[in-house]
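In what follows, a structure is listed as structure tokens, so that the remarks can point back to it.
The values are calculated or read from the model by the stated rules, or taken from the named source; none is laboratory data. Fair warning: this is a prediction, and the values are worked out from it, not measured in the lab. Neighbour counts are summed over all protein chains in view; Cβ atoms, including those assigned to glycine, are modelled from backbone coordinates with ideal geometry.
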Amino acid sequence: MPYHPFVTRVVPNMVMRRERMLPIRGEVLVGTGNRVHPSDVIGRTSVPSEVHLLNVARALSLASTDLGPYMRLAAGNRVEEGDVLAAGSGASRLFGQSYRSPVTGVVAGVSNGRVLIQSDRQVLELAAHYRGIVINVMSGLGAIIEVKGALIQGIWGSAGEGFGVLRVMVDDPDEAIDPEKMDMSCRNAVQGMIAGSVDTRLMDVVQAMPFPVVVTEGMGRFAISDPVFELLKAYDGQEASIRGTMEARGGAVRPELIVYASYAGGDAELEGRPEFLLEAGSQVRIVRGPHMGETGTVTAIPPGPRELATGGKAKVRGFEIRLDSGAEVFVAQGNVELFG
């Protein structure tokens, strides 16, 4: 029975197509054939306003829900953030106390001790995020950009996206990033981070960071795979786009780093749906067990289950793999993914 494993792409030279879509229908500012830079605005839309219900009577500790004597603005009036909405005056027990609007907008109504404010509509601009050529425009929705460069897919991402210059901050794939090395040489570097792994105790900190983090191996303490590290070193100093977004659309959207650089190893292939069939000759990475993180080539697929080298009587189906280090190992099916 054929085995269809998870696939991670690590490719030095590829032509990719990426969608850039507005969240709601708006205006697309580019046309087919246009060259775009990551910072170029390619679309614009107006985001619907929000409605804010403010309990002013409770905030001012009023015994009555009648705000009439205290309101400084009426329905239909425009209000800026920080403007006084309600306050006491004269002999009022609220003299000196006031309630200021937390938002900018229009007073939509006053009733039962509450003030309804409709905030302003906001203009949202969609950046290209990628450097490439627009090959298709979807009217009012977005565009598809064709990109050429190296692709490194991650296992996990913290959302968000950024663009800048790739800087390799370590000399060894097992070395942790030293914050003291992030000096002025990192100015204009990629607005994000790519790492082999993240300690699970730091997950909340990582997700709160204002830039995307892409993890290539998994959670815990694992070095970046040698093929990934070598590719990053080869493109050190080149412009790149990083995206931490993950979507469960059949595994189609993965956190990734795209580096815009020419590669001397031949023509770029067009990215397509990866071939999920694992067979003899397939390039793989081991994702669990004693050889986790190592890469190699499948040399044989035993026809039946076998015992693992770790001992025990349980038998599993798996693959004979020649690791890049030269060692020959047998690895269970569930511990292997296609790689490259």
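Against the condition of a type in the set (S, T, Y) and not in a strand (DSSP E or B), how does S39 come out, does it pass?
Answer is yes for this residue.
Are any of the residues in the range 127-148 modelled with pLDDT under 90 and buried (at least 18 other Cβ atoms within 10 Å of the Cβ)?
There is no residue in the range 127-148 that is modelled with pLDDT under 90 and buried (at least 18 other Cβ atoms within 10 Å of the Cβ).
Taking the condition under 30 Å from Q333 (Cα atoms) and either surrounded by 13 or more Cβ atoms within 10 Å (Cβ to Cβ) or of a type outside the set (D, E, K, R) (or both), does N13 pass?
For N13, the condition - under 30 Å from Q333 (Cα atoms) and either surrounded by 13 or more Cβ atoms within 10 Å (Cβ to Cβ) or of a type outside the set (D, E, K, R) (or both) - is met.
Please verify whether R25 is of a type in the set (D, E, K, R), part of a loop (DSSP other than H, G, I, E, B) and touching a residue at least 60 places away in the same chain (Cβ under 8 Å), treating the condition exactly as stated.
Criteria met by R25.
Would you check if R58 is basic (K, R), in contact (Cβ under 8 Å) with a residue 12 or more places away in the chain and surrounded by 17 or more Cβ atoms within 10 Å (Cβ to Cβ)?
Spelling it out, it is not the case that R58 is basic (K, R), in contact (Cβ under 8 Å) with a residue 12 or more places away in the chain and surrounded by 17 or more Cβ atoms within 10 Å (Cβ to Cβ).
From the list L278, L232, which residue is modelled with pLDDT under 90 and buried (at least 16 other Cβ atoms within 10 Å of the Cβ)?
L278 is the lone residue from the list that is modelled with pLDDT under 90 and buried (at least 16 other Cβ atoms within 10 Å of the Cβ).
When only residues in the range 212-223 that are assigned to a loop (DSSP other than H, G, I, E, B) and modelled with pLDDT under 90 count, which is nearest to V168 (Cα to Cα)?
Looking at residues that are assigned to a loop (DSSP other than H, G, I, E, B) and modelled with pLDDT under 90, I get A223.
Considering I152, I133, which residue is in contact (Cβ under 8 Å) with a residue 24 or more places away in the chain, not assigned by TED's automatic domain parsing to the domain that holds L257 and not in a loop (DSSP other than H, G, I, E, B)?
I133
Just to be sure I understand, how many residues within the range 235-266 are at pLDDT 90 or above and of a type in the set (A, V, I, L, M)?
Total meeting the criteria: 5.
Can you tell me how many residues within the range 154-172 are surrounded by fewer than 20 Cβ atoms within 10 Å (Cβ to Cβ) and not hydrophobic (A, V, I, L, M, F, W, C)?
6
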